[in-house]
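The block underneath contains the structure these notes are about, expressed in C-alpha coordinates.
The values are calculated or read from the model by the stated rules, or taken from the named source; none is laboratory data. In this text, all values refer to a predicted model and were calculated from it rather than measured experimentally. Here the Cβ positions follow ideal geometry from the backbone for every residue, glycine too, while neighbour counts run over all protein chains shown.
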Amino acid sequence: MFHFFYNIINPKMTEQYRRDEENHEIFRSIRCVIVGSFRYYDNFIRPAIDTFETSAVQVLAPRKGRVVRAEGGYRILDVDADRDPNELQRWFFFQMQRADFIYVVNPDGYIGSDSTGDILLATWGYRKAVYAREPIRLELSNDSAYSLAIARTIRTMSIEHVIARAKDGTLELDEYFSREWGRNEKPLGYIQQS
(Lines give C-alpha, C1' and ligand atoms only; values in the text may rest on other atoms or scores of the structure.)
Protein backbone atom coordinates (compact mmCIF):
# COMPACT_ATOMS: atom_id res chain seq x y z
CA MET A 1 0.00 0.00 0.00
CA PHE A 2 2.88 2.35 0.78
CA HIS A 3 4.14 1.96 -2.79
CA PHE A 4 0.76 3.07 -4.15
CA PHE A 5 0.57 6.25 -2.04
CA TYR A 6 4.22 7.01 -2.65
CA ASN A 7 3.65 6.96 -6.43
CA ILE A 8 0.58 9.19 -6.16
CA ILE A 9 2.32 11.75 -3.95
CA ASN A 10 5.46 12.05 -6.03
CA PRO A 11 5.63 9.94 -9.21
CA LYS A 12 9.07 11.36 -10.08
CA MET A 13 10.52 9.77 -6.94
CA THR A 14 9.47 6.23 -7.88
CA GLU A 15 12.89 5.32 -9.27
CA GLN A 16 14.65 6.78 -6.22
CA TYR A 17 12.29 4.80 -3.97
CA ARG A 18 13.18 1.60 -5.81
CA ARG A 19 16.90 2.33 -5.43
CA ASP A 20 16.44 3.08 -1.73
CA GLU A 21 14.45 -0.09 -1.26
CA GLU A 22 17.16 -2.12 -2.96
CA ASN A 23 19.73 -0.52 -0.66
CA HIS A 24 17.36 -0.98 2.30
CA GLU A 25 17.60 2.72 3.14
CA ILE A 26 13.86 2.90 3.66
CA PHE A 27 14.17 0.46 6.59
CA ARG A 28 17.03 2.14 8.45
CA SER A 29 14.67 3.38 11.14
CA ILE A 30 14.02 -0.14 12.49
CA ARG A 31 16.21 -0.60 15.56
CA CYS A 32 16.87 -3.56 17.79
CA VAL A 33 18.90 -4.61 20.79
CA ILE A 34 20.39 -8.08 20.99
CA VAL A 35 20.27 -9.88 24.34
CA GLY A 36 22.23 -13.01 25.14
CA SER A 37 25.07 -14.48 27.12
CA PHE A 38 28.39 -12.92 26.12
CA ARG A 39 30.02 -16.34 26.41
CA TYR A 40 28.41 -16.77 22.97
CA TYR A 41 29.49 -13.35 21.67
CA ASP A 42 32.01 -14.47 19.05
CA ASN A 43 30.06 -17.46 17.74
CA PHE A 44 26.49 -16.18 17.86
CA ILE A 45 25.99 -12.56 18.91
CA ARG A 46 28.49 -10.87 16.60
CA PRO A 47 27.21 -12.83 13.55
CA ALA A 48 23.66 -11.82 14.55
CA ILE A 49 24.74 -8.17 14.64
CA ASP A 50 26.30 -8.54 11.18
CA THR A 51 23.18 -10.21 9.77
CA PHE A 52 20.86 -7.49 11.08
CA GLU A 53 23.12 -4.65 9.97
CA THR A 54 23.66 -5.99 6.44
CA SER A 55 19.88 -6.17 6.18
CA ALA A 56 19.48 -2.56 7.33
CA VAL A 57 18.16 -3.24 10.82
CA GLN A 58 20.16 -1.00 13.11
CA VAL A 59 21.58 -2.80 16.16
CA LEU A 60 21.77 -0.30 19.00
CA ALA A 61 23.47 -2.67 21.45
CA PRO A 62 25.74 -4.46 21.95
CA ARG A 63 28.46 -2.89 19.90
CA LYS A 64 30.71 -4.87 17.63
CA GLY A 65 34.10 -5.68 19.09
CA ARG A 66 36.01 -8.48 20.67
CA VAL A 67 35.91 -9.61 24.28
CA VAL A 68 39.06 -8.42 26.05
CA ARG A 69 38.33 -9.11 29.72
CA ALA A 70 35.81 -10.31 32.26
CA GLU A 71 34.89 -7.98 35.11
CA GLY A 72 32.24 -8.42 37.78
CA GLY A 73 30.49 -11.20 35.88
CA TYR A 74 30.48 -9.19 32.64
CA ARG A 75 32.58 -9.66 29.55
CA ILE A 76 33.95 -6.33 28.34
CA LEU A 77 34.50 -5.58 24.64
CA ASP A 78 37.53 -3.71 23.35
CA VAL A 79 35.29 -0.83 22.22
CA ASP A 80 34.03 -0.49 25.81
CA ALA A 81 37.30 -1.19 27.62
CA ASP A 82 37.53 2.30 29.16
CA ARG A 83 33.95 2.29 30.50
CA ASP A 84 32.72 1.19 33.91
CA PRO A 85 30.51 -1.97 33.82
CA ASN A 86 27.72 -0.11 35.66
CA GLU A 87 27.84 2.68 33.08
CA LEU A 88 27.71 0.06 30.32
CA GLN A 89 24.64 -1.51 31.89
CA ARG A 90 22.85 1.86 32.10
CA TRP A 91 23.80 2.56 28.47
CA PHE A 92 22.44 -0.88 27.47
CA PHE A 93 19.12 -0.23 29.25
CA PHE A 94 18.85 3.15 27.51
CA GLN A 95 19.36 1.45 24.14
CA MET A 96 16.63 -1.04 25.04
CA GLN A 97 14.25 1.88 25.57
CA ARG A 98 15.14 3.28 22.12
CA ALA A 99 14.81 -0.06 20.30
CA ASP A 100 11.78 -1.11 18.29
CA PHE A 101 12.22 -4.73 19.38
CA ILE A 102 14.57 -6.99 21.29
CA TYR A 103 16.16 -10.10 19.78
CA VAL A 104 17.40 -12.87 22.07
CA VAL A 105 20.33 -14.97 20.91
CA ASN A 106 19.92 -18.16 22.93
CA PRO A 107 21.83 -21.13 21.48
CA ASP A 108 20.18 -24.41 22.44
CA GLY A 109 17.47 -22.42 24.23
CA TYR A 110 19.76 -21.26 27.04
CA ILE A 111 19.30 -17.88 28.72
CA GLY A 112 21.33 -16.84 31.73
CA SER A 113 20.17 -14.84 34.73
CA ASP A 114 21.40 -11.49 33.32
CA SER A 115 19.63 -12.11 30.02
CA THR A 116 16.51 -13.14 31.92
CA GLY A 117 16.59 -9.82 33.78
CA ASP A 118 17.11 -7.91 30.52
CA ILE A 119 14.13 -9.64 28.93
CA LEU A 120 11.93 -9.01 31.96
CA LEU A 121 12.86 -5.32 31.86
CA ALA A 122 12.22 -5.16 28.11
CA THR A 123 8.79 -6.80 28.28
CA TRP A 124 7.40 -5.69 31.60
CA GLY A 125 9.27 -2.42 32.03
CA TYR A 126 9.75 -1.01 28.54
CA ARG A 127 6.91 -3.03 26.96
CA LYS A 128 8.94 -4.13 23.95
CA ALA A 129 8.26 -6.95 21.55
CA VAL A 130 10.82 -9.71 22.10
CA TYR A 131 11.86 -12.35 19.58
CA ALA A 132 14.19 -15.27 20.24
CA ARG A 133 16.39 -17.43 18.08
CA GLU A 134 15.15 -20.61 19.79
CA PRO A 135 12.46 -21.53 22.32
CA ILE A 136 13.62 -21.11 25.91
CA ARG A 137 14.56 -24.39 27.55
CA LEU A 138 13.65 -23.96 31.18
CA GLU A 139 15.85 -26.83 32.31
CA LEU A 140 18.93 -24.94 31.05
CA SER A 141 17.99 -21.64 32.65
CA ASN A 142 19.23 -20.50 36.05
CA ASP A 143 16.09 -18.64 37.17
CA SER A 144 13.36 -21.05 36.17
CA ALA A 145 10.51 -19.05 37.75
CA TYR A 146 11.47 -15.91 35.84
CA SER A 147 12.30 -17.93 32.74
CA LEU A 148 8.83 -19.43 32.83
CA ALA A 149 7.35 -15.93 33.03
CA ILE A 150 9.30 -14.68 30.03
CA ALA A 151 8.93 -17.87 28.02
CA ARG A 152 5.28 -16.89 27.52
CA THR A 153 6.22 -13.42 26.26
CA ILE A 154 8.83 -14.30 23.66
CA ARG A 155 8.03 -15.14 20.06
CA THR A 156 10.46 -17.62 18.52
CA MET A 157 11.63 -16.52 15.09
CA SER A 158 14.86 -16.78 13.08
CA ILE A 159 16.81 -13.62 12.34
CA GLU A 160 16.06 -14.02 8.65
CA HIS A 161 12.33 -14.27 9.34
CA VAL A 162 12.43 -11.19 11.63
CA ILE A 163 14.23 -9.24 8.91
CA ALA A 164 11.80 -10.37 6.19
CA ARG A 165 8.80 -9.39 8.31
CA ALA A 166 10.39 -6.04 9.21
CA LYS A 167 10.92 -5.28 5.53
CA ASP A 168 7.39 -6.17 4.49
CA GLY A 169 5.89 -4.32 7.45
CA THR A 170 4.39 -7.37 9.19
CA LEU A 171 6.78 -7.57 12.14
CA GLU A 172 4.81 -6.95 15.31
CA LEU A 173 6.44 -4.16 17.28
CA ASP A 174 3.68 -3.94 19.86
CA GLU A 175 4.29 -4.89 23.45
CA TYR A 176 3.24 -8.28 24.71
CA PHE A 177 0.60 -7.02 27.13
CA SER A 178 -1.63 -5.46 24.48
CA ARG A 179 -1.34 -8.52 22.28
CA GLU A 180 -1.95 -11.28 24.81
CA TRP A 181 -3.98 -9.68 27.60
CA GLY A 182 -6.91 -7.30 27.59
CA ARG A 183 -6.41 -3.66 28.61
CA ASN A 184 -7.42 -4.23 32.24
CA GLU A 185 -6.11 -7.75 32.66
CA LYS A 186 -2.46 -8.01 33.69
CA PRO A 187 -0.26 -11.09 34.10
CA LEU A 188 0.53 -12.53 37.50
CA GLY A 189 3.32 -10.51 39.08
CA TYR A 190 2.64 -7.36 37.10
CA ILE A 191 3.51 -4.25 39.08
CA GLN A 192 1.62 -1.07 38.29
CA GLN A 193 3.99 1.83 37.58
CA SER A 194 3.05 5.03 39.36
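Of everything in segment 56-72 that is of a type in the set (Gly, Ala, Ser), within 22 Å of the chain's Cα centre (by Cα) and not in a strand (DSSP E or B), the residue that is surrounded by the fewest Cβ atoms within 10 Å (Cβ to Cβ) is Gly65. Restricting the first member to segment 158-169 and to residues that are among the basic types (Lys, Arg), and the second to residues that are buried (at least 17 other Cβ atoms within 10 Å of the Cβ), the beta-carbon pairs closer than 6 Å and six or more apart or on different chains are Arg165/Leu171; Lys167/Phe27. Residues that are modelled with pLDDT under 55 number at least 2 in the following helices (runs of 4 or more DSSP H) confined to segment 118-194: 176-180.
Restricting segment 38-55 to residues that are touching a strand residue (DSSP E or B) at 6+ places or on another chain (Cβ under 9 Å) and in contact (Cβ under 8 Å) with a residue 24 or more places away in the chain leaves a set whose member that is surrounded by the fewest Cβ atoms within 10 Å (Cβ to Cβ) is Asp42.
Of the residues contained in segment 89-104, none is found to be buried (at least 18 other Cβ atoms within 10 Å of the Cβ), among the aliphatic types (A, V, I, L, M) and at pLDDT below 90.
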